[in-house]
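Engineer: Please read through the structure below; I'll follow up with questions.
The values are calculated or read from the model by the stated rules, or taken from the named source; none is laboratory data. All values reported here derive from a predicted model rather than from experimental measurement. Note that we place each Cβ from the backbone using ideal geometry, even for glycine, and neighbour counts take in every protein chain shown. Side chains included, ligands, DNA and RNA excluded: accessible areas come from the protein's heavy atoms. Shrake-Rupley method; radii C 1.70, N 1.55, O 1.52, S 1.80 Å.
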Amino acid sequence: MVDLLSHERGQMRKTIVARRDRLSPADRLAKSERIAASLLTHLVLRHKKIIFIYCHFRSEVQTTLVIDHCLKQGKTVCVPVSVPEGSDMVAVTINDPACDLAPGYQGIPEPSSSLVLTRMVEPALIEAAVIPGTVFDRHGHRLGYGKGFYDRFLVRAPRAARIGLAFSCQMVDRLPALAHDIPMDMIATEEEVILCPGGLNEQDPGR
């Protein structure tokens, strides 16, 4: 059964990533700006002080505007640094993306190794985690890239509001989930903000 689900998820990932890749650079930028605007005006980030957010890569929803806004608001912004040996990651704070980030694991922008030594943040302190993915559904299920980096990390960040960013073309009616998958509390697309069942709500946007 698990093998069948894994095959189905793999096929779904391939199909949806290809769909995302077909968005033009201009279209991705425009949609990313709308997603950032929706996220930054939502209550979920207003009172959060320590934000974990991915650095976009290839055709993912772009996060530059969100990172810059949070830094200007005086929030602590930390980003992932991959630990390939265990398919895991650590969180490292940045102050200036232009200076602090360089191509790292698989070419993904990451802080330098020197910053990792001095600016690591304990996952348990993170109040909101902004997460990429390949496929999402309205129940909060998320399909990543197949290695489980974010699922392992999120287990250690129980306080964090889990926020998925996706283009609407990445949304499906139902995603077959596995037991170890960590669901999102909220998903922001260029068309809507989805509050997932059992997650956040407008009156109580925290964990």
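Engineer: If Gly10 passes every condition in (1) more than 19 Å from the chain's Cα centre (by Cα); (2) modelled with pLDDT of 95 or more but one, which one does it miss?
Structural biologist: (2)
Engineer: Report the residue count in the stretch 157-166 for those that are surrounded by fewer than 21 Cβ atoms within 10 Å (Cβ to Cβ) and in contact with a Phe, Trp or Tyr (Cβ under 8 Å, 6 or more places away or on another chain).
Structural biologist: Here is the first cut: in the stretch 157-166, the ones surrounded by fewer than 21 Cβ atoms within 10 Å (Cβ to Cβ) are 158-159.
Still in the running and in contact with a Phe, Trp or Tyr (Cβ under 8 Å, 6 or more places away or on another chain): none.
Residues meeting the conditions: 0.
Engineer: Right, something else. Asp100 passes all but one of (1) open to solvent by 70 Å² or more (accessible area, probe 1.4 Å); (2) over 25 Å from Met186 (Cβ atoms); (3) not β-branched (Val, Ile, Thr); which number fails?
Structural biologist: So Asp100 meets the others, but not (1).
Engineer: Could you pull out the residue among Cys70, Cys55, Cys78 that is of a type outside the set (Gly, Ala, Ser), in a loop (DSSP other than H, G, I, E, B) and modelled with pLDDT of 95 or more? Walk me through how you get there before you give the answer.
Structural biologist: Working: Cys70 fails: in a loop (DSSP other than H, G, I, E, B); Cys78 fails: in a loop (DSSP other than H, G, I, E, B).
Step by step, each of Cys70, Cys55, Cys78 is checked, and only Cys55 is of a type outside the set (Gly, Ala, Ser), in a loop (DSSP other than H, G, I, E, B) and modelled with pLDDT of 95 or more.
Engineer: Next question. Need the failing condition index for Leu45 against (1) surrounded by fewer than 16 Cβ atoms within 10 Å (Cβ to Cβ); (2) at pLDDT below 95; (3) not polar (S, T, N, Q), just the number.
Structural biologist: (1)
Engineer: Looking at Leu143, Leu154, Leu178, can you tell me which residue is over 17 Å from the mean Cα position of the chain (by Cα) and open to solvent by less than 40 Å² (accessible area, probe 1.4 Å)?
Structural biologist: Result: Leu178 is the single residue among Leu143, Leu154, Leu178 that is over 17 Å from the mean Cα position of the chain (by Cα) and open to solvent by less than 40 Å² (accessible area, probe 1.4 Å).
Engineer: State whether one or more residues within the stretch 22-43 are within 25 Å of Asp185 (Cβ to Cβ), in contact with a Pro (Cβ under 9 Å, 6 or more places away or on another chain) and not in a helix (DSSP H, G or I).
Structural biologist: The answer is yes; a qualifying residue exists.
Engineer: Mind listing whichever residues of the stretch 104-131 are surrounded by fewer than 21 Cβ atoms within 10 Å (Cβ to Cβ) and closer than 15 Å to Thr64 by Cα?
Structural biologist: Those that are surrounded by fewer than 21 Cβ atoms within 10 Å (Cβ to Cβ) and closer than 15 Å to Thr64 by Cα: Ile108, Pro109.
Engineer: Name the single residue, out of those in the stretch 84-96 being open to solvent by less than 50 Å² (accessible area, probe 1.4 Å) and outside any loop (DSSP other than H, G, I, E, B), that is nearest to Val130 (Cα to Cα).
Structural biologist: Top of the filtered list is Ala91.
Engineer: For the stretch 184-199, how many residues are under 20 Å from Ala124 (Cβ atoms) and either surrounded by 21 or more Cβ atoms within 10 Å (Cβ to Cβ) or at pLDDT 95 or above (or both)?
Structural biologist: Adding up the residues that qualify gives 2.
Engineer: Would you confirm, using the coordinates I've provided, whether Glu60 is closer than 28 Å to Arg119 by Cα, among the charged types (D, E, K, R) and within 17 Å of the chain's Cα centre (by Cα)?
Structural biologist: yes
Engineer: For the condition touching a helix residue (DSSP H, G or I) at 6+ places or on another chain (Cβ under 9 Å) and in contact (Cβ under 8 Å) with a residue 60 or more places away in the chain, what is the one hit in Pro109, Pro97, Pro132? Show your work before the answer.
Structural biologist: Values: Pro109 fails: in contact (Cβ under 8 Å) with a residue 60 or more places away in the chain; Pro97 fails: in contact (Cβ under 8 Å) with a residue 60 or more places away in the chain.
None of the other options fit; the residue is Pro132.
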